[in-house]
4 protein chains.
Amino acid sequence: MKPSRSFASDNNAVVHPEALEAIERANQGHVVGYGDDPYTLSLQALARPYHAVLCSEMSHIYTDECGAPEKLTGCKLIPLAAPIGKLTVETVSHAYRGIGDQHHVQPKVISITQSTEMGTVYRPAEIEALARFVHDRDMFLHMDGARISNAAVAQGLTLRQATLDLGVDVLSFGGTKNGLMGVEAVVFFRPELARDFLFTRKQGMQLASKMRYLSVQMEALLTNDLWRRNAEHANRMAKLLEQEIKKIRQMKIVYPVDANGVFARIPREAIAKIQERYFFYVWNEEESVVRWMCSFDTTEEDVRQFATFVGEMVGS
Amino acid sequence: MKPSRSFASDNNAVVHPEALEAIERANQGHVVGYGDDPYTLSLQALARPYHAVLCSEMSHIYTDECGAPEKLTGCKLIPLAAPIGKLTVETVSHAYRGIGDQHHVQPKVISITQSTEMGTVYRPAEIEALARFVHDRDMFLHMDGARISNAAVAQGLTLRQATLDLGVDVLSFGGTKNGLMGVEAVVFFRPELARDFLFTRKQGMQLASKMRYLSVQMEALLTNDLWRRNAEHANRMAKLLEQEIKKIRQMKIVYPVDANGVFARIPREAIAKIQERYFFYVWNEEESVVRWMCSFDTTEEDVRQFATFVGEMVGS
Amino acid sequence: MKPSRSFASDNNAVVHPEALEAIERANQGHVVGYGDDPYTLSLQALARPYHAVLCSEMSHIYTDECGAPEKLTGCKLIPLAAPIGKLTVETVSHAYRGIGDQHHVQPKVISITQSTEMGTVYRPAEIEALARFVHDRDMFLHMDGARISNAAVAQGLTLRQATLDLGVDVLSFGGTKNGLMGVEAVVFFRPELARDFLFTRKQGMQLASKMRYLSVQMEALLTNDLWRRNAEHANRMAKLLEQEIKKIRQMKIVYPVDANGVFARIPREAIAKIQERYFFYVWNEEESVVRWMCSFDTTEEDVRQFATFVGEMVGS
Amino acid sequence: MKPSRSFASDNNAVVHPEALEAIERANQGHVVGYGDDPYTLSLQALARPYHAVLCSEMSHIYTDECGAPEKLTGCKLIPLAAPIGKLTVETVSHAYRGIGDQHHVQPKVISITQSTEMGTVYRPAEIEALARFVHDRDMFLHMDGARISNAAVAQGLTLRQATLDLGVDVLSFGGTKNGLMGVEAVVFFRPELARDFLFTRKQGMQLASKMRYLSVQMEALLTNDLWRRNAEHANRMAKLLEQEIKKIRQMKIVYPVDANGVFARIPREAIAKIQERYFFYVWNEEESVVRWMCSFDTTEEDVRQFATFVGEMVGS
């Protein structure tokens, strides 16, 4: 039997028990998270610097990565209007121009977010239409799947049915928002696209040290349907929250609640009052729209307490 | 009292218990690690693209980051000979040229590794001399401190005495090789250098999601001298290994064992035999030199068993 | 007396007479030009990769540089609506957000084009208002002055009155569109911004070999008011063209003719007919708007012949 | 007949006569040149950011481009020792390692300079051997041909025999050092490598405005053997200079004078005296070696006067 300890590197050791205990102690309650995302890397595998990525003007890659995609890939991201978070063939057709003209960046990737930043979900036919559009033009379809699990369960699809089967070329598969400790994966459905990805990952500083602590989590997520259970629960809580909020006369749900997010217009003066107790983001300052997200550990009681409190603050 | 759950983001939830269990189950034995290091980021905070970074030709940033520093910063890294891993004022003086000449990259940073990639440790006076050199020339001194704890305890210094007090401007402080789960910190000793680092970190895709699981570990490392205990133990095991290896007639220790690494010349034919049982790296193929690292969880028994096995394979 | 020939470099020699003759032979008639512009470099001097540049969605830097600004600077360019080519304080205020938020690129530069891509000219007060906006926020005002000469003469201003005196921080001063052979200059009105520009220029591959052939042209442009004479003539020809086009009932001038460009809506079917004889660009396919530019060597006869031909093709 | 003037762009006009006169007036005597070179662009067409370029440590791309290749391509340039300016199969073999290891940049291009920075010329068999080495390993052979004309005529070869026929994949063909006004070309011998070069060129800010003034010069260089006549003359002058210098007892020619450069060791105290009259570069300060280059307009009298003056200053 091989000894369990090597002398290859001090990098190969376990995590010290005191560090692990610290992790466990930290594992309670909600704390503001950030986002260390693999989207940029996926784009880098698909595009050269003179290419363009077409995406929604509200997409995470366009608004929330502090310019990482532009910095890392050198590409231009072209922001397109997407009223409920979804790109359409019509929208992208309009932006598909300057082809072969050396003064223009060349569109190479369409990136969609599923479920979208507005909590809506692309229908299968909508994704298939975009996939046909790109594949007819030697382009790629990238899916930012930070919440792909929520979208898949919302439509009763397996992960494969919700991605590969619809024509997605590359998927950023999110684990973090579905219960993992900062773990995301990039899934290439066409092996030739992944050929040099090892190097892109390392050079992009995304090769984790002590990787095993990440891979075992991804394995757990894909075991015993944990991904599905977590996502189903989060979606159900969002539906419950939607119902409760609808009872409040002064509020209005502004986007379809397809997955685990609820977006609502709220009397402006109530926002600060609610934020005194609950931390959340104002999605659109000018229109007084807020964003409320549910997760795998949101309970029915959490939702009811929250909705009651919102109702009181709104003064219904 | 504030409720423990917010509705701000599904990113703010805890880690699912099944994921945490998976982490705990993974926490045994040695497994090949990689390296997701903050060095590149530190350099980006110090240098513009037309600057150069002077470093040892064996330094981790030059050889083991798949070109991340060049890609991310745009800078040239100038590799300098460093026989036992240490840069000297003489070596860097030689490379300090082309100043003000627009055809030449402009030296701006000297990066040293402490303890070095060869397991040696810079003496305080050696670092002070380099610090004077850079500060006389409007340059910066960066320390790759993946193993700074090992270096500090080797000389009976506190972390501050081993860095700031010697003139280091920016430190990449390593936790991973000293018992943490992929946690490193960048420490700026001159606050003005850190001014925009938040953005550099995010754009460099190094802002971790669910950051709390990282910060609590770092806190644990700096509590109750865990950093010191771990490093002292690893160093002691390296000394023990050195003693044991010295008893093997056909082997020769090639660099001073100042910290937690042992580099030894070994009969070429023994390498594969030992690797059948123990995983480790050949440091220099041509000279048949191997590298053996000790860590906080290496035991005396591990060392003795290993040395005995090496001795048998070498045929002493 | 110093000999006229050195032995320093074969790069220091003159241009061979046969090459110079070839240049002279090429110096007649109009030929499709391209654009090798210094804008990207100016932006690089002003912004770090996590910064953003606010610009018109029709601006040259956003649409016609094949993504060079993003690739070279790493910055995001944020395209803003600008109906007649001009940014306003109101427009940029709307885009000035996410300040201090590490997920967002940080606005650092406003780039305006003078005269604009639509042939309009910013009034002094409009520029001053933008300058106040940026300087109140630790930002910079960049002017893409490919046609600054046309804008200055249109308002009876000197070059200094049209730039520095209005609060412009950095000017890309165009010579090429005003009669030079591919010569542009970057003018820093605050010397500290230019400190490292020598290196940025060289690393950006914009340091011309045999530079003297460029600098003597710039000198000529600024001698005997050549810049003014050329621009005044081009503007006058545009005014003449506007008058002539206005006589054609089926056509409509769509933007104020402030400088040397005329933009007109034209019956769609006439475009191809006119292009059989004259090369020009369709500015807006959907709205059937064409762009016609005048230059220092356009003659009154050119304009009248052209307008007559257009009138015939339109069938007035 | 088409009118000679279009209304497409003010960019399409000719160069103003006063600018052209300025150019002609500037066309006499030697003036310090710089270098705006196409090498970086060639490399970008061949390599992705995680690739490495193997080159001589004295090569122009490594030492004289202010880091442009690293900045633009993201690649690491690996400097190799090359005593008389030439890489050998043995040297590059040594640096060909880490293949498939994600921590290491992957060697993809070997770049050679012909004639070399030391004035020597690779023999055909030497280039063929390097070409075999790269093509056996899915790599490319790039030739920095700033002085390829001098190398070709030195060996009695046509340009094709000196490049394509030896296995070169991409050539940076220099016109500037051989009599043109800042004109260089990138020649792809395998068309598939050039597929996207239009975009790379524009994004790399190397698409010249009023391009015709460049292309006519290149045409002139390739007409009536101008390239050959110029290069032959420059080489002959270097040979003459070598002869004259050899007569000076205290001096020593240090590299074979294969092309148009002469490198000589000279008594240190004579350098400043000669530089009072003639501008030139000290190649190696420590060894007191100077570099003298001849060009198409160097005359026999220039050489003899110079050698005489050198002799006097050296005090022979």
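The values are calculated or read from the model by the stated rules, or taken from the named source; none is laboratory data. Since this is a predicted model, take the numbers as computed values, not measurements. When we count neighbours, we look across all protein chains shown, and the Cβ atoms used for this are built from the backbone with ideal geometry, even at glycine.
At a glance:
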{"item": "Residue check for residue B:125: small (Gly, Ala, Ser), without any contact (Cβ under 8 Å) to a residue 24 or more places away in the chain and surrounded by fewer than 24 Cβ atoms within 10 Å (Cβ to Cβ)", "result": "yes"}
{"item": "Any hit, region B:15-27, residues being at pLDDT below 90 and in contact with a Pro (Cβ under 9 Å, 6 or more places away or on another chain)", "result": "yes"}
{"item": "Per-region count, region C:100-137, residues assigned to a loop (DSSP other than H, G, I, E, B) and either in contact with a strand residue (DSSP E or B) (Cβ under 8 Å, 6 or more places away or on another chain) or not acidic (Asp, Glu) (or both)", "result": "16"}
{"item": "Considering residues of region B:40-70 that are outside any loop (DSSP other than H, G, I, E, B) and of a type in the set (S, T, N, Q) only, the residue modelled with the highest pLDDT", "result": "B:56"}
{"item": "Enumeration of residues in region C:109-122 that are touching a residue at least 40 places away in the same chain (Cβ under 8 Å) and either within 21 Å of residue C:160 (Cα to Cα) or surrounded by fewer than 19 Cβ atoms within 10 Å (Cβ to Cβ) (or both)", "result": "C:109, C:110, C:111, C:112, C:113, C:114, C:115, C:116, C:119, C:120, C:121"}
{"item": "Residue ID - surrounded by the fewest Cβ atoms within 10 Å (Cβ to Cβ), chosen from residues in region A:181-196 that are closer than 23 Å to residue B:23 by Cα and more than 7 Å from every other protein chain (Cβ to nearest Cβ)", "result": "A:185"}
{"item": "The one condition in (1) over 28 Å from residue B:176 (Cα atoms); (2) modelled with pLDDT under 95 that residue B:248 fails to fulfil", "result": "(2)"}
{"item": "Region A:54-108, subset surrounded by 18 or more Cβ atoms within 10 Å (Cβ to Cβ) and touching a residue at least 60 places away in the same chain (Cβ under 8 Å), residue nearest to the chain's Cα centre (by Cα)", "result": "A:60"}
{"item": "Residue in region B:31-39 that is within 10 Å of chain A (Cβ to nearest Cβ), over 14 Å from residue A:181 (Cα atoms), at pLDDT 75 or above and not in a loop (DSSP other than H, G, I, E, B) present", "result": "yes"}
{"item": "Checklist (1) without any contact (Cβ under 8 Å) to a residue 24 or more places away in the chain; (2) surrounded by 24 or more Cβ atoms within 10 Å (Cβ to Cβ) applied to residue C:136, failing item", "result": "(2)"}
{"item": "All positions within region A:231-251 that are of a type outside the set (D, E, K, R) and part of a loop (DSSP other than H, G, I, E, B)", "result": "A:248, A:250, A:251"}
{"item": "Some residue of region A:197-218 being without any contact (Cβ under 8 Å) to a residue 60 or more places away in the chain, touching a Gly at 6+ places or on another chain (Cβ under 7 Å) and away from chain D (no Cβ under 14 Å)", "result": "yes"}
{"item": "Pick from region C:236-250, criterion touching a helix residue (DSSP H, G or I) at 6+ places or on another chain (Cβ under 8 Å), surrounded by fewer than 20 Cβ atoms within 10 Å (Cβ to Cβ) and within 14 Å of another protein chain (Cβ to nearest Cβ), ranking: nearest to residue C:155 (Cα to Cα)", "result": "C:240"}
{"item": "Residues being among the β-branched types (Val, Ile, Thr) and either at pLDDT 90 or above or part of a loop (DSSP other than H, G, I, E, B) (or both) - total across region D:170-224", "result": "5"}
{"item": "Check on residue B:176, closer than 26 Å to residue A:176 by Cβ, touching a Pro at 6+ places or on another chain (Cβ under 9 Å) and within 14 Å of another protein chain (Cβ to nearest Cβ)", "result": "no"}
{"item": "Condition broken by residue A:305, with the remaining ones in (1) touching a residue at least 24 places away in the same chain (Cβ under 8 Å); (2) facing chain B (nearest Cβ under 10 Å) satisfied", "result": "(1)"}
{"item": "Residue match in region B:287-300 (condition: of a type outside the set (Gly, Ala, Ser), within 13 Å of chain A (Cβ to nearest Cβ), out of contact with any His (no Cβ under 7 Å at 6 or more places or on another chain) and surrounded by fewer than 20 Cβ atoms within 10 Å (Cβ to Cβ))", "result": "yes"}
